[in-house]
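Student: Right, I'll just put the structure down here and ask away after.
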Amino acid sequence: MRVTDDRYAGELAKFDLAIRMIGHEARTGTIRACTGFTEDRIRKIYSTYFKLRPGITVRRKRGKSPTQITGFVSSSRRQSEATLIACLLLYTGAIDLAARGPVKSVGVSSVSLGQRVCDAFEVYRALQPEPQFSFERVWGLYRALAVAKELYFARCGICEGPYVQDAYALDYQRCPFCELKDRPAQV
Ligand SMILES: [Zn+2]
């Protein structure tokens, strides 16, 4: 009985996560990676719960997730939002910081990881009235930090605060927040 209950709870958690991610317009491949559901099952959930509901406009996205990291650091505004999201990913436990600074992935199930990234994304959208990044970009930010290590937390030479920086770019040790303070017109 216990095993059945646990299995049911596990299925329910995956189902809830799939609904949540479809609502955020996550790509099928990302939903698959987090829930383990087949493409067919995700399609059915989408058609049952989203497609024909009046007033609900959720697009289903196919194909690969965007992987370009330059969009996270291409302007002070984008870099400051990427930093906010990275901090939220830290707070929700989607990523972790090793003792000496680099970001490391956390050893949790893919369902739990998906829930944590959703938590971070939902807080980000609540805090940012005109958000620059979609759910898929937030997922890409997570992967760039914790999996590909193309982004990292640099430390500002002025305010000493952390900020998200391109691991392969020259770092001037100036965070986007100090940049925005000095040049408010260039947001
Ligand atoms: Zn600074």
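The values are calculated or read from the model by the stated rules, or taken from the named source; none is laboratory data. Being a predicted model, the structure only gives us computed values, none of them experimental. Neighbour counts run over all protein chains shown; Cβ positions are idealised from the backbone, glycine included.
Student: Checking residue 14 against (1) modelled with pLDDT of 95 or more; (2) out of contact with any Ser or Thr (no Cβ under 6 Å at 6 or more places or on another chain); (3) farther than 18 Å from residue 136 by Cα, which single condition isn't satisfied?
Tutor: All conditions are met except number (2).
Student: Can you find even one residue in region 137-159 that is within 16 Å of the ligand (Cβ to nearest atom) and on the phi > 0 side of the Ramachandran plot?
Tutor: No, because not a single residue in region 137-159 is within 16 Å of the ligand (Cβ to nearest atom) and on the phi > 0 side of the Ramachandran plot.
Student: Answer yes or no: is there a residue in region 101-110 that is part of a helix (DSSP H, G or I), more than 16 Å from the ligand (Cβ to nearest atom) and not assigned by TED's automatic domain parsing to the domain that holds residue 34. Give the derivation first.
Tutor: Of all residues in region 101-110, those part of a helix (DSSP H, G or I) come to 110.
From what is left, the residues that are more than 16 Å from the ligand (Cβ to nearest atom) are 110.
When the remaining residues are screened for being not assigned by TED's automatic domain parsing to the domain that holds residue 34, the result is 110.
Yes, region 101-110 contains a residue that is part of a helix (DSSP H, G or I), more than 16 Å from the ligand (Cβ to nearest atom) and not assigned by TED's automatic domain parsing to the domain that holds residue 34.
Student: Right, another one. For region 105-116, which residues satisfy the criterion of being under 11 Å from residue 20 (Cα atoms) and out of contact with any Asp or Glu (no Cβ under 9 Å at 6 or more places or on another chain)?
Tutor: 114
Student: Condition first: farther than 28 Å from residue 9 by Cα, free of Cβ contacts under 8 Å to residues at least 24 places away in the same chain and either in the same structural domain as residue 79 (by TED's automatic domain parsing) or buried (at least 23 other Cβ atoms within 10 Å of the Cβ) (or both). Can you find one or more residues in region 133-147 that meet it?
Tutor: Among the residues of region 133-147, not one is farther than 28 Å from residue 9 by Cα, free of Cβ contacts under 8 Å to residues at least 24 places away in the same chain and either in the same structural domain as residue 79 (by TED's automatic domain parsing) or buried (at least 23 other Cβ atoms within 10 Å of the Cβ) (or both), which makes the answer no.
Student: Which one is modelled with the highest pLDDT, of the residues in region 68-84 that are surrounded by 16 or more Cβ atoms within 10 Å (Cβ to Cβ) and of a type in the set (Val, Ile, Thr)?
Tutor: Residue satisfying both the conditions and the ranking: 83.
Student: Collect the residues in region 169-186 that are more than 21 Å from the chain's Cα centre (by Cα) and in a loop (DSSP other than H, G, I, E, B), keeping them in residue-number order.
Tutor: Once the filter is applied, which keeps residues that are more than 21 Å from the chain's Cα centre (by Cα) and in a loop (DSSP other than H, G, I, E, B), region 169-186 yields 169, 170, 171, 172, 173, 174, 183.
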